[in-house]
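Everything on this sheet refers to the single structure shown next.
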Amino acid sequence: MIHKPLYGHHPTGKDAYELIRDYSHQVAPRHLRADEKKIEGNYFIPEPWRMRGYLLSPNITNQGLLFRGQTVDWDGVGEIPSAISKLQKIHDDKVERIYWRLRRFDLHNMLMTNPLFRMLSWGIDIPLKKQRYFRSSSTTLLHSYGLPSACVSLTSSLSTALFYAVNDYDEESGTFVPSKKKYGILSFYRLEKPFTPLSKVLPIGLQVFERPGRNKEFVCRLGPNDDFNKLDEVEGFLFEQSEEVSKWMLDKFDGGRRLMPPEPLLQDKIKKSEGLISPTALRWHEKMRPYFQDGLEEVKAKYQVTDDVRDLLRFDRNELAAYYGDIDEWWMEFCSKIYFEADPNLDRKYFEQLPQDDYYRRFLTG
């Protein structure tokens, strides 16, 4: 539950932060696997995922909570504002629901034109130990960039959660600004069990695009009637906004650029392709979902169906080179963030030398 204060006794965001921080130190991690040890440091841990698969999860071996920040409007007397997913918000709009399904198809195909994303998804051959896959879910990755999903965002960093609880993103200027809403909610989610494919909470983790890793981001998957703020595992505080706390967080995260750096490689493509649908996506929908055609003609009338999407939603060699720079250096830095020692099937030196392998070189050079 989210605690709302008695009238006239509103805490500040800093008060809520200190209350949750002090409590988090008392909560032992209960989500560790039997063979999992506590690890020190700001690493990403290869979390076993299905057969020979891994999630590159932010290191939470020393904590039992995840955190969420939300700016809210509240009348001071009614119900606490809800926290529902973007997919829930468009659930009753059949046109928007179909459009997002088609758009997700196109954007997934776009992600697969990034050779690094494709390499990790397809798997890396380890001598004598078969392939090892690194989960790169297009749905949760695109969620991190603001597209609709059945999830809300969490983070393993309490200060990151506070940043989002006191600042709003201004689309026009492309910057974060102190929230003009009167209140914020800072909350936490108790982790009780190890991650499984059916877990309500999962890491997005380290990706070949920066945003999820910088935010140490997780997702909480919500059902059609779920409100995150009312989940049994959730507790937190509603607080009154203050310019002092907003400035504190903006200074700490360099105006938000440490969390949401400009990313023309992915962000611009998402923005430029808004309102467009590929003929391929329509054919896929008609073939794979023959019983869900109601509303499709309205989608075609509202949005533009064009072959241009194919060229627009494709990463070319020049874009990849500009974004990743020296790919050997980038790959070494990527590997340096991973605590390979957490799993005996993974060898750091083997991964670091992949740019010298003829097979993998093609992925690392676009």
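The values are calculated or read from the model by the stated rules, or taken from the named source; none is laboratory data. All of these numbers come straight from a predicted model, not from anything done at the bench. In this analysis, Cβ positions are derived from the backbone assuming ideal geometry, glycine residues included, and neighbour counts consider all displayed protein chains. Side chains included, ligands, DNA and RNA excluded: accessible areas come from the protein's heavy atoms. Shrake-Rupley method; radii C 1.70, N 1.55, O 1.52, S 1.80 Å.
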Rounded, prolate or oblate for the stretch 249-310? Axes are the square roots of the Cα gyration tensor eigenvalues, ordered a ≥ b ≥ c, and the cut-off for rounded is a/c under 1.5.
prolate
Bins of 10 Å, starting at 0 and running to the largest distance - Cα pair percent for the chain
5, 22, 30, 27, 14, 2, 0
Size-normalised alpha-carbon gyration radius of the stretch 121-168, reference 2.2 N^0.38 Å
1.71
What ranking of Met249, Met288, Met51, Met112 comes out by heavy-atom accessible area, probe 1.4 Å, highest first?
Met51, Met288, Met112, Met249
Per-residue ³J(HN,Hα) for the stretch 38-48, Karplus 6.51 cos²θ - 1.76 cosθ + 1.60, θ = phi - 60°, Hz, x for Gly and Pro
6, 10, 8, x, 8, 10, 10, 9, x, 8, x
For the chain, with a Gaussian network of springs between Cα atoms less than 10 Å apart, report the residue from Glu171, Glu243, Glu233 with the top mean-square fluctuation.
Glu171
Once all protein chains are kept in place, Lys271 shows an accessible area at probe 1.4 Å, nearest 10 Å², of 140 Å²
Just to make sure I understand: if all protein chains stay in place, what is the order of Lys302, Lys86 by accessible area at 1.4 Å, largest first?
Lys302, Lys86
Using a Gaussian network for the chain with springs between C-alpha atoms less than 10 Å apart, which of these wobbles most: Asn109, Asn59, Asn229?
Asn109
Sorted largest first, extent of the stretch 1-120 alpha carbons per principal axis (Å):
55, 48, 22
Using a 1.4 Å probe, how large is the accessible area of Glu298, given in Å² and rounded to the nearest 10?
80 Å²
Candidates Leu250, Leu19, Leu111, ranked by Gaussian network fluctuation over the chain, Cα under 10 Å, top entry:
Leu19
Going out from 0 in 5 Å bins, what whole percent of all Cα-Cα distances in the stretch 218-366 drops into each bin?
1, 6, 9, 9, 10, 13, 14, 14, 14, 8, 2, 0
Please compute the alpha carbon radius of gyration of the stretch 126-219, then divide it by the globular-protein estimate 2.2 N^0.38 Å. Two decimals is fine.
1.29
Rounded, prolate or oblate: which fits the stretch 203-278, taking a ≥ b ≥ c as square roots of the Cα gyration tensor eigenvalues, rounded meaning a/c under 1.5, else prolate when a/b beats b/c?
oblate
Set the Förster radius R0 to 25 Å, insert the Cβ-Cβ distance between Asp251 and Lys181 as r into 1/(1 + (r/R0)^6), and round the FRET efficiency to 0.05.
0.75
Reachable aspartates and glutamates from Lys130, criterion Cα separation under 17 angstrom, eight or more residues apart if same chain
Asp343, Asp347, Asp357
Label point 7 Å beyond Cα of Ile39 along Cβ direction - residues of the stretch 338-354 with amide nitrogen under 12 Å:
338-348
Candidate residues Arg361, Arg50, Arg258: accessible-area rank, largest first, probe 1.4 Å:
Arg50, Arg258, Arg361
Write down the accessible area per residue of the chain in Å², having rolled a 1.4 Å probe over the full set of protein chains.
51 Å²
Accessible carbon and sulfur surface of the stretch 17-100 relative to its total accessible area, %, 1.4 Å
48 percent
Rounded to 0.05, the calculated FRET efficiency for the beta carbons of Glu79 and Leu198 at R₀ = 22 Å is 0.15
Taking the alpha-carbon distance from Lys230 and a cut-off under 19 Å, which aspartates and glutamates remain once sequence neighbours fewer than 8 residues away in the same chain are dropped?
Asp73, Asp75, Glu79, Glu192
Post the alpha-carbon centroid distance, the stretch 103-123 to the stretch 203-231, in whole angstrom.
19 Å
Sequence order, the stretch 273-287: Karplus ³J(HN,Hα) from phi using 6.51 cos²θ - 1.76 cosθ + 1.60, θ = phi - 60°, Hz rounded, Gly and Pro as x, gives 9, 4, x, 10, 9, 8, x, 4, 5, 5, 5, 4, 5, 5, 7
Please say if the stretch 152-270 is rounded, prolate or oblate, where rounded means a/c under 1.5 for a ≥ b ≥ c the square roots of the C-alpha gyration tensor eigenvalues, and otherwise the choice is prolate for a/b larger than b/c and oblate otherwise?
oblate
